[in-house]
Amino acid sequence: MKKSRVRRVYFADYLITPDHIIPNGGVLCENDRIIAVGGESGFSRKEEDLEVVYFKNAYITPGFIDTHIHGAGGFDCSRAAASRNDLAAMSAILGKSGATGFFPTVVADSPENMINNLRTLTSAMRLPLPGADAEGINIEGPFLNPEKSGAQPRSFLGKIDLKFASDLIDAGEGMVKIMTFAPELENADKLIELLISRNVIASMGHSLAGEKETLRAIDAGATHCTHLFNGMNPLHQREVGLPGIVLTDDRVTVELIIDGRHVHSRMVDLACRCKTLRQIIGISDGTMASGIPDGEYHIGPAEIIVKEGFSQTSAGTLAGTTTMLDAGWHSLMSCGHLSETKSALAVTRNPAEHYGLTDRGQLLPGLRADLAVFERGTNRPLLTVRRGEVIAKAEE
């Protein structure tokens, strides 16, 4: 049976494409593709079977892409088999926040648990999801420096095992897109070689790497830094380590946790001054508590406590966030002194380009019809469209 054609045009006060702003703009979609983008006056409203949707006091952006998020809606990506909810709950919560894509992110555990969890997660990602699409898997550990473990149990962190690294990638069945490692660990160069050969981005993080170790990793092909400033040695005037190198090396793209708590506003400003616009990716680092009430939760094997939206371990260590990208991306304007368009790049086009998602991340004809509508002033999500389908709509 031939699928019926669906044509819909969305109008709002302005569009963030995100390269530039179009006042009084419209986005015309046909089925799962964007057909036209431009000023409202350029669109016909008399087409047969054309649905016209107006939003007043609102703006439209490309759908957000969160490439580092551990869970949401009660689902913990690192405990896919044991979680009380499933990946669909996470997808739905993210869809309500304006996200159309995300990378389920897993942390270190026992080898057996990590392999089994990745297999379960991979199977879940193949099923239709009600909200944001699961685009790939982010593995954060176990090849990390135990001295910079964050919320991850030290007992599961340490030496690089190339066989285990390969097994982890195999368990993801082609869905593993990025893996974090500490450059100072022995065989880091060999791990980078393995990751590149398997089309996995080599990301530096949870590390005490010095200048030589960091540069050796970058020369070997590491192109990414996991949550800059968090889980690494601080900036120092004489001992230049991982953060100082990645800030000044144009070969490296950096993540920033944009919850307003993990990184001081002046450090956000510093990163935005040092890196080019295409080299900053905003992430949530969200936990399973994102979008649901305070309580006791997990990130993999680690227990966390969420109180007043603030996530930490019982020892008081920061443990991810509960702030999704819709609430966080404006901090790049207030802290990084970026314009609205430049801030939007960090959560739309930049992650899409960095991970090879070439058919999304921008409002352009021919690309996927992934977009989000927000209320002006409050920035409350009003509507999210993924592949031309409305996946979330705010209550009237």
#### Entry: Within the stretch 266-319, strands (runs of 3 or more DSSP E) holding 2 or more residues that are at pLDDT 95 or above
280-283
### Message
One residue is enough: does the stretch 147-162 have a residue meeting the conditions surrounded by fewer than 21 Cβ atoms within 10 Å (Cβ to Cβ), under 22 Å from the mean Cα position of the chain (by Cα) and either under 18 Å from T122 (Cβ atoms) or not polar (S, T, N, Q) (or both)?
### Response
yes
### Message
Within the stretch 34-128, considering only strands (runs of 3 or more DSSP E) that don't extend past its boundaries, which have at least 2 residues that are touching a Gly at 6+ places or on another chain (Cβ under 6 Å)?
### Response
64-69, 99-107
### Message
Taking the condition of being open to solvent by 20 Å² or more (accessible area, probe 1.4 Å) and not in a loop (DSSP other than H, G, I, E, B), how many residues in the stretch 218-236 meet it?
### Response
2
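Here's the yes/no breakdown for (1) of a type outside the set (V, I, T); (2) touching a helix residue (DSSP H, G or I) at 6+ places or on another chain (Cβ under 6 Å); (3) on the phi < 0 side of the Ramachandran plot:
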| site | (1), (2), (3) |
| --- | --- |
| E255 | yes, no, yes |
| S284 | yes, yes, yes |
| T287 | no, no, yes |
| S311 | yes, no, yes |
| T321 | no, no, yes |
| M324 | yes, no, yes |
| A327 | yes, no, yes |
| C335 | yes, yes, yes |
| S339 | yes, no, yes |
#### Entry: Subset of the stretch 85-125 (residues that are of a type in the set (D, E, K, R), open to solvent by 60 Å² or more (accessible area, probe 1.4 Å) and more than 24 Å from L325 (Cα to Cα))
E112, R119
### Query
Of all residues in the stretch 326-360, how many are part of a helix (DSSP H, G or I), polar (S, T, N, Q) and open to solvent by 30 Å² or more (accessible area, probe 1.4 Å)?
1
### Query
Pick from the stretch 70-84 the residues that are in contact with a Leu (Cβ under 9 Å, 6 or more places away or on another chain) and either within 27 Å of D359 (Cβ to Cβ) or modelled with pLDDT under 95 (or both): which of them is most open to solvent (accessible area, probe 1.4 Å)?
A81
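The values are calculated or read from the model by the stated rules, or taken from the named source; none is laboratory data. Values in this document were obtained by computation on a predicted structure and should not be read as measured data. Heads up, the Cβs are rebuilt from the backbone with ideal geometry, glycines too, and the neighbour counts pull from every protein chain shown. Note: accessible area is taken over every heavy atom of the protein model, side chains too, but ligands, DNA and RNA are not part of it. Shrake-Rupley method; radii C 1.70, N 1.55, O 1.52, S 1.80 Å.
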